[in-house]
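For reference, the structure discussed in these notes is given below.
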């Protein structure tokens, strides 16, 4: 996916709205100068944002191709900074090949915060083991921001049923998850994910990312209704924590504090 991820998601108006919603919460939780661990960094969009806001970040991913794209983006960023007289600091951003399942092997001092954006945790089979490993890598009081794909998405039902793709409409509800590229993708509920991360973490905030706002894959049809999409985005941001929106969203955002 590394070569097409940005064009299919990052660069789409809906994808950009969803990512900005996550960044707003990062800005609220990660102070300039803090050290943040990023899991499943993908093509590096979030790493770029964190660096531009003064956060030191170790960005990791299981995909060498994703890390290559992310590294190229950061190299371009550093080149632009150099032309403006701002010399890049090699300790500000680092990229490392790491799977969630191997987090326990990471040899780093405890971090001030952690980010896992857009479904990386859905590819992890044992959330409780991931939570226990993460707890050992964060300082007490550190905040972990987890963006997870939920199981109940009315937008997805309407979209795929309307296209006659019945096998996709309810894929998130299948026992054992949905198969994709040899991976069993899990869709834990808000409650299930919260329980998996307890007692090492307590929930500070739960919000919707894509409940009123349609999923990015609808862009080809709904993209022409830019005003409506913008209205839905503004409305969702105003009531993103209101029940039951987090439970009905394409992704939900869990903000957890290391106990």
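All of the numbers you see were taken from the coordinates with simple rules; none came from a lab. These figures come from a predicted structure and were not determined experimentally. Because the Cβ atoms are built from the backbone with ideal geometry, glycine has one as well, and the counts that use them run over all protein chains shown.
Tabulated data
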{"read-out": "Angle between the chain longest axis and helix 64-83 axis [Cα atoms, degrees, rounded to 10]", "value": "60 degrees"}
{"read-out": "Cβ-based exposure ranking for 39, 247, 114, in which fewest neighbours within 10 Å come first", "value": "247, 114, 39"}
{"read-out": "Kirkwood Rh and Cα Rg combined as Rg over Rh, evaluated for the chain", "value": "0.95"}
{"read-out": "Linear extension gain, residue 126 paired with residue 24, 0.36 nm per residue minus alpha-carbon span", "value": "33.9 nm"}
{"read-out": "Radius of gyration and Dmax over the Cα atoms of the range 52-165, both given in Å", "value": "17.8, 56"}
{"read-out": "Isotropically averaged projected area of the range 2-106, using the convex hull of Cα atoms (one quarter of hull area), nm²", "value": "7.1 nm²"}
{"read-out": "Highest to lowest packing among 131-140, 70-79, 52-61, scored as the average C-beta count within 10 Å", "value": "52-61, 131-140, 70-79"}
{"read-out": "Distance from the range 135-151 to the range 1-71 (C-alpha centre basis), Å", "value": "15 Å"}
{"read-out": "Global geometry of the range 169-259, whether rounded, prolate or oblate, following the gyration tensor of its Cα atoms and the 1.5 cut on a/c", "value": "oblate"}
{"read-out": "Ranked 26, 239, criterion: other C-beta atoms within 10 Å, fewest first", "value": "239, 26"}
{"read-out": "Nitroxide proxy distance, nm - points 7 Å out along Cα→Cβ at residue 181 and residue 76", "value": "2.1 nm"}
{"read-out": "DSSP-defined beta bridges in the chain - what % are antiparallel, rounded to 5", "value": "50 percent"}
{"read-out": "Inter-probe distance in nm under a simple model that places probes 7 Å from Cα toward Cβ, at residue 168 and residue 52", "value": "3.1 nm"}
